[in-house]
Each structure stands twice: as C-alpha cells, then as structure tokens.
1. So in segment 119-149, with the set limited to residues that are in a helix (DSSP H, G or I) and among the acidic types (Asp, Glu), which one is most open to solvent (accessible area, probe 1.4 Å)?
2. In segment 9-43, which residues are surrounded by fewer than 21 Cβ atoms within 10 Å (Cβ to Cβ) and either under 15 Å from the mean Cα position of the chain (by Cα) or of a type in the set (Phe, Trp, Tyr) (or both)?
3. Restricting the search to segment 78-98, which residues are over 12 Å from the mean Cα position of the chain (by Cα), modelled with pLDDT of 90 or more and either crowded, with 19+ Cβ neighbours inside 10 Å or closer than 16 Å to Phe117 by Cβ (or both)?
4. For segment 1-109, give me every one of the helices (runs of 4 or more DSSP H) that falls completely inside it and has 3 or more residues that are closer than 19 Å to Leu120 by Cβ.
5. Of the residues that sit in segment 53-77 and are under 19 Å from the mean Cα position of the chain (by Cα), among the basic types (Lys, Arg) and exposed (fewer than 15 other Cβ atoms within 10 Å of the Cβ), which one is nearest to Glu22 (Cα to Cα)?
6. Got a sec? Which of Ile9, Ile3 is of a type in the set (A, V, I, L, M) and within 17 Å of Phe117 (Cα to Cα)?
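The values are calculated or read from the model by the stated rules, or taken from the named source; none is laboratory data. The model shown is predicted, which means the values in this text are computed figures rather than measured ones. Positions of Cβ are backbone-derived with ideal geometry, glycine not excepted, and every protein chain shown enters the neighbour counts. The protein model used for the area step is the full one, side chains on, heavy atoms only, and it has no ligands, DNA or RNA in it. Shrake-Rupley method; radii C 1.70, N 1.55, O 1.52, S 1.80 Å.
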Amino acid sequence: PAIIENSTIFGKVNVRELTGSEVLFTGALTVKRRQLGYVRFCYIPENSETSVRYRCQPDDAIETGLKKGEDEKDIRLRLCPRFTSVKYRDPGYAQLSGTCAVEIRTGAKDGSEIGVFQHLHQARREENLKNVMEEYLRSDLEGGFFYVT
C-alpha cells in the first residue's frame, strides 16, 4: 500500500493500494486493489487503472471540454505536463514550465500546482503580484514576469 502526497513521479507506477493527493504522475499508474484508497487533485495519464478519482486531470478538463464541444484528443494533448527540465541536477528539475496547462498549474486543492512544488503556491503568488503591480507602477510603466531558474 502507498500513501503519496505533493509529489511528482517520473515513470510507471505499480502499487497494491493507493491513497494519493496532489500528485503528478508522468507514466502509467496501475493500482491492483482499486476498491480501496483514492486519488484526488492529481494528474493521471491515459491508460491508468486507479481507485476512485476526485478532481483529477485530465478527467475534469475532458468532462468540461466535451460539454463545450472540444475534442478529447486535443484536450489530452494540451494537458500533457511540461517541465522546465526533466534532467536530474538541473536547477529546474521537475518544475512545471510556464507553458504548462493552467489546469495543472492550478489543479491542487488550494489552487496551487499539482506536484512536488505545490508548497510554493506559485499561481497564487503570480496572481497577487498582478493585482498589486498597477498600484505601485507609474502610469507610463508596464510590469511583467521574468522567470529565472
């Protein structure tokens, strides 16, 4: 049995039971005893066999997109996680890229990103900066974000 929280896991995962929250799985996830446990606020790739899912991506985005008339294949392609780097020892290892889908960058329970960097609350920080930026800049200046890893 496994309990996984606030993690990013590269590659396939095979477990007997799973209780998972705010986990980004990049490879197929297979849970043998699917009647036990749950996964919530996670990213779960296609062809995964899991226990009960709650507010997981891309399932939520597909459900919403199909109601709007979008194609499931396009939604899955758009929601594929993008990282700054997947090479261990790089400064941006396992960090979500700025081009990653907003559903993943804000898909955690508290509106943060799904995965290992959930504790940084990056999406909330960006939104707070956008809200106060105009107040502190002169009228002839424009502000922006420049990410450094």
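1. Filtering segment 119-149 for residues in a helix (DSSP H, G or I) gives 119-120, 122-136.
Next, from what is left, pick out any that are among the acidic types (Asp, Glu): 126-127, 134-135.
On the way: Glu126: 36, Glu127: 92, Glu134: 158, Glu135: 133 Å².
In this case the residue turns out to be Glu134.
2. Ile9, Phe10, Ser21, Thr26, Gly27, Tyr38, Arg40
3. The answer is Thr84, Ser85, Val86, Tyr88, Asp90, Tyr93.
4. Values: elements: 59-68, 72-78, 102-105.
Ranges flagged: 102-105.
5. Only one residue tops the list, namely Arg55.
6. The conditions single out Ile9.
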